[in-house]
Amino acid sequence: MDWNALVLNPGDTVSAWGRLVRDAKGDWFEGPVPVPLILAPGVRRPMFAVPALRASFAEIAERYELDEDVEGTATVTGIWTGSELRVRHQVPAAQPDGETPVYWDRPPRTLRFPWAEREGQQVREHLLEHGADWKIYGLDGGGRDHVTARLVRVLPAIAAWAATLPAGILALEPWLTPAARHTHAPQAVHLQGSALDH
């Protein structure tokens, strides 16, 4: 698996579904992160969002407003600047039904788990340690099974670390990837699981 191909670089085109939020701190675009079971009234504060430049809050589905805050959902296409998403096109849309691609350097079938249980636990622990700075919002597996991490995007540090791991021990489910990856996605699986609590 070429983990570097998942890294967003300045100038890359991005296309993704998510929640657009306008609050006192600016405009934000956030992926399908876990939602608390008990919601306080108001627009939910984005926790795993990226700044969104030139987003249109007239072109959103599931619109909700309270005071000066607005939120809604859309499929957005834009250019990644390195720290922000510059929106070029958006279409109002509810959450799509399709599964999100999971990028996994799957080992040969006869070597499904060619690592020790402690190695799987170490991978999970490393992801937990970096959960905040790597913007990981969900984690499944560990031990003899592979570990799946749901995250905002793959950073160069994540790609470099992943390249040192045994084949098949890690699966990544990034929300934002270069648009070119969507047509060349490797075989994927989708796992359900709980969110990290940050």
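The values are calculated or read from the model by the stated rules, or taken from the named source; none is laboratory data. Not measured: the values here are computed from a predicted model. Here the Cβ is made from the backbone with ideal geometry for all residues, glycine too, and neighbour counts use every protein chain on show.
At-a-glance table
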{"item": "Residue satisfying all of: in the range 97-143; of a type in the set (Phe, Trp, Tyr) and at pLDDT below 90; surrounded by the fewest Cβ atoms within 10 Å (Cβ to Cβ) among these", "result": "Phe113"}
{"item": "Some residue of the range 70-79 being part of a loop (DSSP other than H, G, I, E, B) and closer than 30 Å to Trp3 by Cβ", "result": "no"}
{"item": "Residues of the range 11-35 classified as at pLDDT below 95, hydrophobic (A, V, I, L, M, F, W, C) and closer than 14 Å to Phe48 by Cβ, total", "result": "2"}
{"item": "Index of the failed condition, Met47 passing every other in (1) at pLDDT 95 or above; (2) surrounded by fewer than 16 Cβ atoms within 10 Å (Cβ to Cβ)", "result": "(1)"}
